[in-house]
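Colleague: Right, I'll just put the structure down here and ask away after.
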């Protein structure tokens, strides 16, 4: 599994503690003009896109908000205006990664059902396509590594519960078939993080290709 950054000993650097005094003084969203709201929403998307890459590499504890601000092209103070704490930003990134997986699975599943093709297979192929973007899988691994934080653990539970509910409704597969889909996805995350697909070693070939070589679903 991908290595995760360890929490620093000082409580002042904790994800919940890293916030800006300016955040408390920011103007409430409901008082902003439509144009300012639009700008804030656009900036929020920019921050989330930048944070996906940084958080995936550095994790919750090792990610400086200044680095995210620099990647997004805005000030650190504005980041804290959008996300009052580093933890709230991390949670938004985790939720975004789950939403991307959910949308991909749902599109693939609906298309497969309409074409009379196996739904779970279509979802598995959609997930393989998602893995071409390492940020998504790394965010998932970093979230699991930070699951000792109650808020992160709750976000993971919500994410998996939502995915499973949609997969059940769309595929009408058995619990055992759905469990295999999720188990394979978790293995794909770890394999992709270790970049073993091109590794010519027995253990890597078994983990990456054994089911395909033997025709397992």
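Any read-out appearing in this document is the output of simple, stated calculations on the displayed coordinates, not a laboratory observation. Since the model is a prediction, treat every value here as computed from it, not as a measurement. Positions of Cβ are generated from backbone atoms using ideal geometry, with glycine treated the same way; all protein chains shown enter the neighbour counts.
Colleague: How would you rank 202, 70, going from fewest to most other Cβ atoms within 10 Å of each one's own Cβ?
Modeller: Values: 202 8, 70 15.
Ordered by Cβ neighbours within 10 Å, fewest first: 202, 70.
Colleague: Now a separate question. Taking 0.36 nm per residue of separation and subtracting the Cα-Cα distance, what length does fully extending residue 107 through residue 164 add?
Modeller: 19.0 nm
Colleague: If you don't mind, there's one more thing I want to ask. If we sort 129-135, 103-109 on the protection proxy, mean other Cβ atoms within 10 Å, highest first, what's the order? Intermediate results must be reported in sequence, preceding the final value.
Modeller: Working: 129-135: 14.9, 103-109: 18.1.
In decreasing order of mean packing, 129-135, 103-109 become 103-109, 129-135.
Colleague: Run the quick spin-label model on residue 205 and residue 77: label points 7 Å from Cα toward the beta carbon, then report their separation in nm to one decimal.
Modeller: About 6.0 nm separates the two model spin labels.
Colleague: When only C-alpha pairs under 8 Å and at least 6 residues apart count, what is the relative contact order of the range 53-175, in percent?
Modeller: This gives 33 percent for the range 53-175.
Colleague: Assuming 1.567 mPa s and 4 °C, estimate D for the range 87-213 with Stokes-Einstein, Rh taken as the Kirkwood radius over Cα pairs, in µm²/s.
Modeller: On the way: Rh = 15.4 Å.
In µm²/s, the coefficient rounds to 84.
Colleague: Where does each of 178, 68 land when they are ranked from fewest to most other beta-carbon atoms within 10 angstrom? Please list the in-between numbers first.
Modeller: Working: 178 17, 68 25.
The fewest-first ordering by Cβ neighbours comes to 178, 68.
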